[in-house]
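Notes for the one structure printed next.
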Amino acid sequence: MTTERGGADVPVREHQDNHGPKAARPGEPVSATASASPPASGSAAASGVPASAAASAAPATAGRRGRPRSEAVERSIVEAVVHLLEEGVPLSELSIERIARTAGVGKATIYRRWEGKEALFVGVVRSMEPVDPPLPGTSVRDDLVAMVEMLRKRGLAKRSSALLHNVFAQMQSYPQLWDMYHHTSVAPRRERMDEVLRRGIANGEIRADLDFDLLGDLFVGPMLVRTVLRPEGTPQEGSAERIVDAVLQGVRPPR
């Protein structure tokens, strides 16, 4: 469990007594190591999850109460979820209580950062995916290439990570969780691409008479096919450039 000291969460050692945690009495020393340490084996750090995973997890309730958050506590929660998933615990059995016990924090500490289990799971999945870099902004072509290249890297990450592949397979059985992932992760990426495509239409690089949704699919579709539907074929570096150039050639206004 945690206490609030100076506006920040401080991990406190929990003593189990009659199946319930016992809060530290006034005057007792506070242990700074009880919950900040990740699980000893199979932890997110051992799996290659970056130390900044808590920041990538983007808690849905960030700033809800105006208290500064402890990155170490958030990281311990994210790593606890990854640790349990690595042990083969299915999503249906990952309760907030079990996650809190594994992380060495109280349930309230989790709820202060995420609105519920679904939001926490989405944050954990996003922490395991490659982070989208800023767009170069040098041209419509360069921005499209950057976005299609990130699609390639995310597809390869899902293919190479058995854990990530397993989590995505389970997520599709939970419509609310799958919809939340699309709303917080997929939709913003598509919106960013739409902004680039509108810029291309405005400056005359892309025809304005095409169905706009179809236009976006023309750029991302080939990479999705090669990373998702054709697991035997690995898209190599440079494939994003070839896809974007081929599509741009077909959607340019007639001269």
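For Arg252, the criteria (1) in contact with an Asp or Glu (Cβ under 7 Å, 6 or more places away or on another chain); (2) open to solvent by less than 70 Å² (accessible area, probe 1.4 Å) hold in every case but one, which is (2).
Taken over segment 155-189, the criterion of being closer than 25 Å to Gly116 by Cβ and of a type in the set (D, E, K, R) is satisfied by Lys158, Asp179, Arg189. Taking into account only those residues within segment 159-183 that are buried (at least 17 other Cβ atoms within 10 Å of the Cβ) and in contact with a Phe, Trp or Tyr (Cβ under 7 Å, 6 or more places away or on another chain), which is farthest from Arg226 (Cα to Cα)? So, considering only residues that are buried (at least 17 other Cβ atoms within 10 Å of the Cβ) and in contact with a Phe, Trp or Tyr (Cβ under 7 Å, 6 or more places away or on another chain), the one farthest from Arg226 (Cα to Cα) is Leu177. Applying the set (1) within 17 Å of the chain's Cα centre (by Cα); (2) at pLDDT 90 or above to Ala55 leaves exactly one unmet item: (2). Of all the residues in segment 94-121, those that are open to solvent by 20 Å² or more (accessible area, probe 1.4 Å), without any contact (Cβ under 8 Å) to a residue 24 or more places away in the chain and closer than 21 Å to Val167 by Cβ number 5. Counting only residues that are within 19 Å of Ser185 (Cα to Cα) and modelled with pLDDT of 95 or more, segment 91-119 holds 0 of them.
The number of residues in segment 199-241 that are open to solvent by 20 Å² or more (accessible area, probe 1.4 Å) and in a helix (DSSP H, G or I) comes to 17. Within the option set Val186, Val196, Val148, being open to solvent by less than 90 Å² (accessible area, probe 1.4 Å), part of a helix (DSSP H, G or I), among the β-branched types (Val, Ile, Thr) and farther than 16 Å from Leu135 by Cβ holds for one residue only, Val186. Any residue in segment 122-141 that is assigned to a helix (DSSP H, G or I), without any contact (Cβ under 8 Å) to a residue 24 or more places away in the chain, open to solvent by 40 Å² or more (accessible area, probe 1.4 Å) and of a type in the set (D, E, K, R)? Checked against the condition, which is being assigned to a helix (DSSP H, G or I), without any contact (Cβ under 8 Å) to a residue 24 or more places away in the chain, open to solvent by 40 Å² or more (accessible area, probe 1.4 Å) and of a type in the set (D, E, K, R), segment 122-141 yields no hits at all. When segment 120-154 is limited to residues that are among the acidic types (Asp, Glu) and within 14 Å of the chain's Cα centre (by Cα), the one that is modelled with the lowest pLDDT turns out to be Glu129. Pairs meeting the criteria (first residue in segment 167-180 and free of Cβ contacts under 8 Å to residues at least 12 places away in the same chain, second residue part of a helix (DSSP H, G or I), beta carbons under 7 Å, at least 6 apart or on different chains) are Gln172/Trp178; Trp178/Met171.
The values are calculated or read from the model by the stated rules, or taken from the named source; none is laboratory data. Source: prediction; values computed, not measured. As a convention, Cβ positions derive from the backbone with ideal geometry for all residues, glycine included, and neighbour counts pool all protein chains shown. With ligands, DNA and RNA removed, areas are computed over all heavy atoms of the protein, side chains included. Shrake-Rupley method; radii C 1.70, N 1.55, O 1.52, S 1.80 Å.
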